[in-house]
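Engineer: Would you mind keeping the following structure in view while I ask a few things?
The values are calculated or read from the model by the stated rules, or taken from the named source; none is laboratory data. Note that the coordinates shown come from a computational prediction; the quantities given were computed from them, not determined experimentally. Cβ atoms come from the backbone with ideal geometry, glycine included; neighbour counts cover every protein chain shown.
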Amino acid sequence: MAIERTLSIIKPDATRRNLTGKINAKFEDAGLRIVAQKRMKLSIEQAQQFYAVHSARPFFGELTEFMASGPVVVQVLEGEGAVLKNREVMGATNPKDAAPGTIRAEFAESVGENSVHGSDAPETAAQEIAFFFAGTELVG
Ligand code: GDP
């Protein structure tokens, strides 16, 4: 399988509970390499722009307010089949459906406050990485 890169975000519910290191250990244990990472506070406009694909969904307001409510850690993960592998490590969107051992099963508080974001396909990964990082910030 090809080496890929995917965008990950550790969400405000997880940074608030000081879980960055525990979540990063899950990525690294799965063979994903963190090749870029920064902690930042999104503005509401940045959150709305990032999640524009969900703008018609009923939870859009809740989602974007949550994402701007506290620090996030945006990161680029690299590895074989990184997009899919990261989705496996994250677990299902709703923690009630997430497989044991996944990040969301262990750490998520609810379907909305579910600790991590991960790109859903290589094309969206490229767009989402470019949203947050310049090429020079990615060091593999
Ligand atoms: P993901 O790819 O697993 O993150 O899931 P989606 O792309 O379907 O949804 C994006 C994000 O929107 C999720 O990670 C949640 O934070 C949020 N979300 C999804 N469904 C709901 C919902 O029913 N209620 C709320 N409040 N947030 C939701």
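Engineer: For residue 79, are the conditions met, namely being more than 14 Å from the ligand (Cβ to nearest atom) and in a loop (DSSP other than H, G, I, E, B)? Before you say what the answer is, go through the steps one by one.
Structural biologist: Values: more than 14 Å from the ligand (Cβ to nearest atom): yes; in a loop (DSSP other than H, G, I, E, B): no.
Taking the combined requirement at face value, the residue does not satisfy it.
Engineer: Consider the stretch 82-103. How many of its residues are closer than 18 Å to residue 31 by Cα and either part of a helix (DSSP H, G or I) or at pLDDT below 95 (or both)?
Structural biologist: Step one: filter the stretch 82-103 for residues closer than 18 Å to residue 31 by Cα, giving 82-91, 101-103.
Of the ones still in play, those that are also either part of a helix (DSSP H, G or I) or at pLDDT below 95 (or both) are 82-90, 103.
The number of residues fulfilling the criteria is 10.
Engineer: Follow-up. Going through 36, 56 one at a time, which residue ends up being more than 13 Å from the ligand (Cβ to nearest atom), hydrophobic (A, V, I, L, M, F, W, C) and either touching a Leu at 6+ places or on another chain (Cβ under 6 Å) or in a loop (DSSP other than H, G, I, E, B) (or both)? Talk me through it step by step, then tell me what you get.
Structural biologist: Details: 56 fails: more than 13 Å from the ligand (Cβ to nearest atom).
Selected residue: 36, the only one of 36, 56 that is more than 13 Å from the ligand (Cβ to nearest atom), hydrophobic (A, V, I, L, M, F, W, C) and either touching a Leu at 6+ places or on another chain (Cβ under 6 Å) or in a loop (DSSP other than H, G, I, E, B) (or both).
Engineer: Which one of 62, 128, 109 is farther than 18 Å from residue 19 by Cβ, more than 9 Å from the ligand (Cβ to nearest atom) and charged (D, E, K, R)?
Structural biologist: Numbers: 62 fails: more than 9 Å from the ligand (Cβ to nearest atom); 109 fails: farther than 18 Å from residue 19 by Cβ.
Within the list 62, 128, 109, the selection yields 128.
Engineer: Still on this structure: Across the stretch 1-22, which residue is farthest from residue 79 (Cα to Cα) among those that are of a type in the set (Ser, Thr, Tyr) and surrounded by 20 or more Cβ atoms within 10 Å (Cβ to Cβ)? Step through it out loud before you land on a result.
Structural biologist: Within the stretch 1-22, the first condition is being of a type in the set (Ser, Thr, Tyr), and the residues that meet it are 6, 8, 15, 20.
Add one more test, that the residue is surrounded by 20 or more Cβ atoms within 10 Å (Cβ to Cβ), and what stays is 6, 8.
Details: 6: 9, 8: 13 Å.
By that ranking, first place goes to 8.
Engineer: Out of 139, 116, I need the residue that is in contact (Cβ under 8 Å) with a residue 12 or more places away in the chain and surrounded by 13 or more Cβ atoms within 10 Å (Cβ to Cβ). Which one? So that I can check it myself, show each step before the final result.
Structural biologist: Numbers: 139 fails: surrounded by 13 or more Cβ atoms within 10 Å (Cβ to Cβ).
The conditions single out 116.
Engineer: So residue 57 clears everything in (1) exposed (fewer than 12 other Cβ atoms within 10 Å of the Cβ); (2) touching a residue at least 40 places away in the same chain (Cβ under 8 Å); (3) of a type in the set (Lys, Arg) except one condition, right? Which one?
Structural biologist: The one condition residue 57 does not meet is (2).
Engineer: Further question: Do you know which of the residues in the stretch 23-48 that are aliphatic (A, V, I, L, M) and buried (at least 20 other Cβ atoms within 10 Å of the Cβ) is nearest to the chain's Cα centre (by Cα)? Don't jump to the end; show me each part of the working.
Structural biologist: At the first step, the residues of the stretch 23-48 found to be aliphatic (A, V, I, L, M) are 23, 25, 30, 32, 34-36, 40, 42, 44, 47.
From what is left, the residues that are buried (at least 20 other Cβ atoms within 10 Å of the Cβ) are 23, 32, 36, 42.
Values: 23: 10, 32: 13, 36: 13, 42: 14 Å.
So the residue we want is 23.
Engineer: Out of the residues in the stretch 80-101 that are touching a helix residue (DSSP H, G or I) at 6+ places or on another chain (Cβ under 6 Å) and not hydrophobic (A, V, I, L, M, F, W, C), state the one that is farthest from residue 126 (Cα to Cα).
Structural biologist: 95
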